Amino acid sequence: MASTDAATAEPPRHRRRGKRATTRTESGVWYPKWYWPSFTLAGDLWLVAMFVLPFYVVVCVAFGTVGTTFREPVPYLFPGWWQFSTFQATLQKFYVGTAPYQEPLIRTFLYVFTASLICLVVGYAVAYFTARFAGKHKGLILILLVSPFWISYLMRIYAWQSLLQPDGYINDVLAWLGFGRPEWLAGRGITVTLGLVYGYIPFMILPLYGSLDRINQGMLEAGRDLGANPLQTFVRVTLPLSRQAILAGLVIVTLPMFGDYYTNNLLGSAKTAMFGNLIDGAVTNAGQGPEAGALVLLLMVIVIVPMLYYLRETKRASEAA
């Protein structure tokens, strides 16, 4: 009888809330559906204040005009007032007439691709050695990898500028070996490329190391038990398991490289100008504010492609898991 009464008893009050939006945790506590999403409110406000609004201002500058007195950029905040003539004229500089912006664009893709490839090859080797063979020295290697971040990137590039001077230590060593004294700072693409590698390679090593260090050793042993040699185990087991880390590292180093301009300013010349130098030149020259905004929008279109590909592959990997 007691069990029948318990079965027909009225359910607890919180279960009769009907259409009220509630969620239940594992502890049995009920919360409104807005409770947990409200924790992201501070981050959302920060994103709006520090990204959305500044980006909208850049768009308004790109489609705005310039002042008649000081030639300062005048943004048009209302979309109905936007003018697209400056954006179209900037776009035509990549393919119409002498196309003065075409070479820096091609040069940027070449430098970024080469530097990213070098970062991947060297960074993977360093990360693989640290994760597999460093043993008790892992901490020391990681400290050495992170320690350059304690010094300003600009200061480190200045140091390289001093080393690469015609009478610098690098040329002293090359001259002693019989290779002469190359003019490293006379607008050489290899100098800018190696400067990009030096500046961004830690961003490649750290995510690769984190992924390689988490690979289950049992999977590697299973590959060897099935008759795979070390190379086959690496190609068929280690490399596929680190694919997401490779994509993450490439995205992390590629995106800032596309907008980099101070590496070329310090290690290159006008002959090695990149896309970022076009933006820097437009910003610093009076009357070219809308053109600078248009270049920023074009750069955003370029870098969003690898970002979307990375997000797509990450989603696929999470769904497969």
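Worth pointing out:
- Yes/no for A317 being surrounded by 15 or more Cβ atoms within 10 Å (Cβ to Cβ), assigned to a helix (DSSP H, G or I) and either hydrophobic (A, V, I, L, M, F, W, C) or in contact (Cβ under 8 Å) with a residue 24 or more places away in the chain (or both): no
- Filtered residues of region 93-131 (kept if of a type in the set (S, T, N, Q), within 28 Å of the chain's Cα centre (by Cα) and farther than 14 Å from L250 by Cα): Q102, T108, T130
- Looking across A159, A125, one residue alone is within 18 Å of G268 (Cα to Cα), surrounded by fewer than 13 Cβ atoms within 10 Å (Cβ to Cβ) and not aromatic (F, W, Y). It is A159.
- Only one of the numbered conditions (1) outside any helix (DSSP H, G or I); (2) free of Cβ contacts under 8 Å to residues at least 12 places away in the same chain; (3) of a type in the set (A, V, I, L, M, F, W, C) is not met by I143, and that is (1).
- Residue that is nearest to T114 (Cα to Cα) [pool: residues in region 271-288 that are of a type in the set (A, V, I, L, M, F, W, C) and surrounded by fewer than 19 Cβ atoms within 10 Å (Cβ to Cβ)]: V283
- Conditions (1) on the phi > 0 side of the Ramachandran plot; (2) surrounded by 15 or more Cβ atoms within 10 Å (Cβ to Cβ); number of the one not met by A134: (1)
- Hey, A99 small (G, A, S) and surrounded by fewer than 16 Cβ atoms within 10 Å (Cβ to Cβ) or not: yes
- Region 70-93, residues that are under 16 Å from M274 (Cα atoms) and free of Cβ contacts under 8 Å to residues at least 12 places away in the same chain: K93
- Which listed residue is closer than 29 Å to M300 by Cβ and surrounded by 17 or more Cβ atoms within 10 Å (Cβ to Cβ), from I106, I205, I190: I205
No lab work stands behind these numbers, since they all come straight from the coordinates. If you're wondering where the values come from, they're calculated on a predicted model, not measured in any experiment. Here Cβ is always computed from backbone atoms with ideal geometry, including for glycine, and neighbour counts include all displayed protein chains.
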